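Accompanying notes for the structure given below.
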Amino acid sequence: MKQQPSPRAIAAPRRAIPAIFSHPVLWVAIVLVALTALWWAINAPEGLITEIAIYTLYGAAVNLLVGYTGLVPFGASVFFGCASYAVAISLLRGLPNEAVALVFSVGFSLLLALVIGLIILRRRGLYFSLLTLAFSQTAFEIAFKWTALTGGENGLQNVPRPLLADPAVFHVFALTTVTLGMWLLWRIVHSPFGRTLQALRDNEQRVRSLGYNPFRIKLIAFVLMGGFIGYAGSLLALLLRGAYADNLGWQHAGDALLMTVLGGVHQFLGPLWGAIAFVILEDRLSALTQNWWLIFAPIILVFALTSPEGIVGLVQRLIGRSRWTLTRAGIPARPAAIAPWHEARLALDPAQPILSVKGLHKRFGSLVTATDLNLDVYPFQLHSFIGPNGAGKTTLFNMLTGLLAPNAGNIRFAGQDITRLPVDKRVRLGLGRSFQIISVFRTLTAFENVRIAVQAHSREAGNLWRDAYTLEEVNARTWSLLDAVGLADRAAETCANLAHGEQRLLEIAITLATEAKLLLLDEPLAGLAEADREVVGKLIRGLAETHAVLLIEHDIDRVLALSDRITVLHQGRLIADGKPAEVARNADVISAYLGTAHGAPPQIAAAEREAVAVGPILLTVAGLQAGYGGSRVLDGIDLEVRAGEAVALLGRNGVGKTTLLRTLTGTVRASAGRIVFDDAPIQSAQSYDINRRGISLVPEGRRLFPNLSVIDNLRLAARPGGASLNEVYDLFPKLKLLARSRAESLSGGERQMLAIARALMVPAKLILLDEPFEGLAPAIVQEVMAALVRLRGKVAMVIVEHHAESVLGIVDRAYVLVNGQVAFNGSARALEADQALQARLLGVVQPEEMTAA
């Protein structure tokens, strides 16, 4: 399972820039000092630069929620405006000086943020955003009408500033403390807590399943935001020597958010450049006309359309170095020798069940997915759960881990009733899980994905000060886990750039990091090449020697070989339970799950496998090179597909199969080479144009619209010349029965049928299928296979598949990729008959061994 090092990891390093000169907080200070010098040079008042500094801190605090946590507060101005009143009122009514008033104001802002956060953080998305705006508008109405306290529409004026009376002194004080505030934010986002915020932004469910409490994390972030914004608002009151209700009104509620977006929400310095642009443009344009927004709004629109990453993103694009700069680049240095990953045997009584389920029942409306389930899971056993797609296996896992509440029954874990216990508390008791649909943090590196999981069980997990990358014990365990699943060489790669199989391996490493007593593994082998299945299978078998393992898996041969006990679920009921050999011979299991006698792979009638007549060349790929973030994944790919031809695209994980499909559909840009489809070059075409020319994609993970019904998913894709609903229903009769069901309620097999059917609704000449059999029960695989056989000759197909035996019998030709290059191109029948060649190109033999051979 050895992976090739990332080109990024082995590229020659650029000339190093001393860390101090690349520190973003230093650039905050340099820019603010430079602007001050410029303003003094032209004899302009420095108040405008003070305002820029204040709004930089205001925007950076808002971005702690937007860019780092994934929450969008429309009304963060409630803290900005209320803090300005807190300073003004306290100085006008008895506090001795600005220093005391600032401390009071920040404390008031923290308390206000805590109260508001406890109320609104139970809501998500638009509801959260609107609730923040509602609080800000409520504060505006109070400030505007409570004349005795706030001065009403005239506000509070002539606020004393005894210590900082000189404007120049106050300016220096403001710039210094704002820079310190930005440094403190930079420190926080690199702490264990700050790193967790970014994981929460990417995948809240996964964060919860690692043992974190998302509500508590968001509440702390919200309170921190309130404190920083409160300080910025206090500085503005001291700058203006007054406090006014305008800062609380809806007209100005989004100013800081707008500055942040203008500068770039995924850039730490985005708020600085956004504040400079906003404040200076407002100052200059308002001097020209009262309707300055009529000029300013089009500027904002142009930026939104041409540079979604704002000013910083635009500059990055011009210099060709686009990346998020919310945190510093890189990961901790790889150890010279990575310690082997090892888990000690848990001190559990093998005669006592660690998990007991009694009378568990679950229904969704009229749909019953679990009926009177009774189950005991014992330590030091590999207990597998099998059943056809839609049997309720994942629903059971979701009830065991707390993502779903059962309608009846109880769950006991380690002697404790956990039926109503929250997810994070179950995890902390020792219940860990992986997910059927890959659940990782897509914008973080592979290293950071695993490190976040390891950190969850560290005493430093909530630390707001210490640099997370200095936790040596956490780093060492992270490297060990990455090495155990073969991803140590890919540690610095962003998760979104990993191949599907690599992401599955990463998911396993994250699950292993939870230090669980009972591991619930939901299809951990799905999408893995045979070499990786061998290694992961051994890993799971080894875990069963030291833990309790509950496994859901459709690879029946491997389940029977690895398991100590197998339970079969069908239509929400347990129909068999016992030793693997007993279950394999059970007639009910064979008919309900396997679809055929055990050991026989899914079969298509020999007559249907005969080659069909193919037409002229439809797709030509020549010298294709492509990759991600400067790394080259495809290196000189040559490929042809004829009209009506079925072609298999095979290879181990990470060799470039999915990248090739993404390049063919325009979602990854080719760096070199040609792609010609239907006699027209398409390597520079947009994805929608490529689709309209006749290339349809059935992506990995299906990518359906979960909230839409089956029929709406199909109608959304339908275009003249594509398949009709009746033709699709003839191909997949089950979809007609499920036409009104929402896509999110479908089983894995039903989703795959819908994904293929959706691709046919467009007038496709070529369909690209990425892992169409992944995670499907054998009986469902047969059904999907039969549908693909019926499509042969009618439409060209390229089928990406890990398992050669599953697809070679139904295609005409095959390509095998090794390290981004074509290692085999020829007849599918020839490859099917040559077991030695298959073993060399697709089996457990490593690439360097293959070269030697």
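The values are calculated or read from the model by the stated rules, or taken from the named source; none is laboratory data. Remember, predicted model here, so these are calculated numbers, not experimental data. For neighbour counting, all protein chains shown are included, and Cβ atoms are generated from backbone atoms with ideal geometry for every residue, glycine included. SASA here: full protein model, heavy atoms, side chains in, ligands and nucleic acids out. Shrake-Rupley method; radii C 1.70, N 1.55, O 1.52, S 1.80 Å.
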Given Cβ charges of +1 for Lys and Arg and -1 for Asp and Glu, the option among P706, G666, S696 whose Cα lies farthest towards the positive end of the dipole of region 650-709 is P706
Taking alpha-carbon centroids only, region 23-99 lies from region 187-224 a number of Å equal to 25 Å
L346 neighbourhood, Cβ < 12 Å, K/R = +1, D/E = -1, net charge -2
SASA check, E645, accessible area w/ 1.4 Å probe, all protein chains in place, rounded to nearest 10 Å², comes out at 10 Å²
Net charge near F128 (other residues with Cβ under 10 Å of its Cβ; Lys, Arg +1; Asp, Glu -1) is +4
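Just the number please: accessible area per residue for the chain, 1.4 Å probe, all protein chains included, in Å².
On a per-residue basis, 41 Å².
Rounded to the nearest 0.05, what FRET efficiency do L38 and L288 have when you use their Cβ-Cβ distance and R0 = 25 Å?
Details: r = 21 Å, r/R0 = 0.84.
It comes out at approximately 0.75.
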With label points set 7 Å from each Cα along the Cα-to-Cβ direction at A833 and A496, the distance between them in nm comes to 4.7 nm
The ³J(HN,Hα) series, computed from each phi in region 325-341 with the Karplus coefficients 6.51, -1.76 and 1.60 at θ = phi - 60°, rounded to the nearest Hz and given as x for glycine or proline, is 10, 5, 9, 5, 6, x, 10, x, 4, 5, x, 4, 9, 7, 5, x, 6
Dipole check, the chain, charges on Cβ (K,R +1; D,E -1), about Cα centroid: among T546, Y469, F364 the Cα furthest to the positive pole belongs to F364
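Working out 0.36 nm times the residue gap between R412 and A680, then minus their Cα-Cα distance, what length gain in nm do you get to one decimal? Don't jump to the answer; show the numbers that get you there.
Values: separation 268, 0.36 × 268 = 96.48 nm, distance 6.27 nm.
Roughly 90.2 nm would be gained on extension.
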For region 497-506, Karplus-derived ³J(HN,Hα) couplings (6.51, -1.76, 1.60; θ = phi - 60°; whole Hz; x for glycine and proline) come out as 8, 7, 5, 4, x, 5, 5, 5, 5, 5
Interchain or sequence-distant (5+) residues whose placed amide H lies within less than 5 Å of the amide H of V698 are L768, L769, D770
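Ranked from the most accessible area to the least, with a 1.4 Å probe and all protein chains present, what is the order of V781, V368? Don't skip to the answer; put the middle values down first.
Values: V781 15, V368 50 Å².
Ranked from most to least accessible, the order is V368, V781.
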Between the residues P350, F79, G155, the Cα farthest towards the positive end of the dipole of the chain, that dipole coming from +1 and -1 charges on the beta-carbon of Lys, Arg, Asp and Glu, is from G155
In whole percent, the fraction of accessible protein surface over region 461-557 that belongs to carbon or sulfur atoms, probe radius 1.4 Å, stands at 52 percent
At q = 0.05, 0.09, 0.10, 0.11 1/Å the base-10 log of I(q)/I(0) from the Debye formula over the alpha-carbon atoms of the chain is -0.33, -0.99, -1.17, -1.32
Here P(r) for region 151-233, Cα-Cα distances in 5 Å bins, as whole percents, is 3, 11, 16, 16, 13, 11, 9, 8, 7, 4, 1
For L444, the accessible surface traced by a 1.4 Å probe with all protein chains present amounts, in square angstrom to the nearest 10, to 10 Å²
Counting only backbone N atoms under 18 Å from a point 7 Å out along Cα-to-Cβ of D564, the residues of region 523-551 in range are 537-551
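Going from most exposed to least, what order do W39, W27 have by accessible area with a 1.4 Å probe?
W27, W39
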If every Lys and Arg gets +1 and every Asp and Glu gets -1 at its Cβ, then about the Cα centre the chain yields a dipole, in debye to the nearest 20, of 920 debye
Restricted to the chain, the DSSP antiparallel beta bridge percent, nearest 5, is 55 percent
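Stretched out fully, how many nm does the piece from R93 to A672 gain, at 0.36 nm a residue minus the Cα gap? Mind dumping the intermediate values first?
On the way: separation 579, 0.36 × 579 = 208.44 nm, distance 7.07 nm.
Length gained, R93 through A672: 201.4 nm.
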Toy charge model, Lys and Arg Cβ at +1, Asp and Glu Cβ at -1: region 546-585 dipole around Cα centroid in debye, rounded to 20, equals 120 debye
Sorted by chain and number, the residues with a modelled amide H under 5 Å from that of E523, at a separation of 5 or more or across chains, are I552, E553
The alpha-carbon center of region 306-356 and that of region 681-715 are separated, in whole Å, by 30 Å
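Translational diffusion coefficient of region 7-165 at 20 °C, 1.002 mPa s, Stokes-Einstein with Kirkwood Rh over Cα pairs, in µm²/s as a whole number. Please report the intermediate quantities before stating the final value.
Values: Rh = 19.0 Å.
The diffusion coefficient I find is 113 µm²/s.
If you place +1 on the Cβ of every Lys and Arg and -1 on the Cβ of every Asp and Glu, how big does the dipole about the Cα centre of region 691-776 come out, in debye to the nearest 20? Before the final figure, lay out each step's value.
Numbers: 13 positive and 9 negative charges, 76 e Å.
Using Cβ point charges on Lys, Arg, Asp and Glu, region 691-776 gives about 360 debye.
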For region 476-489, in residue order, the Karplus 3J(HN,Hα) values (coefficients 6.51, -1.76, 1.60; θ = phi - 60°; whole Hz; Gly and Pro = x) are 5, 5, 4, 4, 5, 5, 4, 5, 5, 9, x, 10, 4, 6
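Sorted by mean Cβ packing within 10 Å, highest first, what order do the peptides 788-800, 506-518 take?
Numbers: 788-800: 20.3, 506-518: 24.1.
Descending packing order for the listed peptides: 506-518, 788-800.
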1/(1 + (r/R0)^6) with r = Cβ-Cβ of S741 and H342, R0 = 45 Å, i.e. FRET efficiency to nearest 0.05, evaluates to 0.45
Under a 1.4 Å probe, counting only protein heavy atoms, V312 has an accessible area in Å², nearest 10, of 20 Å²
Projected onto their principal axes, the Cα atoms of region 99-239 stretch, largest extent first, over whole-Å spans of 54, 35, 20
Non-local residues with an amide H under 5 Å from the amide H of L326, with H modelled 1.01 Å from N and Pro and chain starts lacking one, are F268
Reduced to Cα centres, the span from region 754-821 to region 499-543 in Å works out to 25 Å
Note to self, the chain gives a 222 nm [θ] from helices alone (DSSP H runs n ≥ 4, -39500 (n - 2.57) apiece, / all residues, nearest 500) of -14500 deg cm²/dmol
Counting Lys and Arg as +1 and Asp and Glu as -1 over every other residue whose Cβ sits under 13 Å from the Cβ of L382, the net charge comes to +2
At 4 °C and 1.567 mPa s, the Stokes-Einstein diffusion coefficient in µm²/s for region 440-525, with hydrodynamic radius from the Kirkwood sum on alpha carbon pairs, is 99 µm²/s
With all protein chains present and a 1.4 Å probe, the order of I280, I411 from largest accessible area down is I280, I411
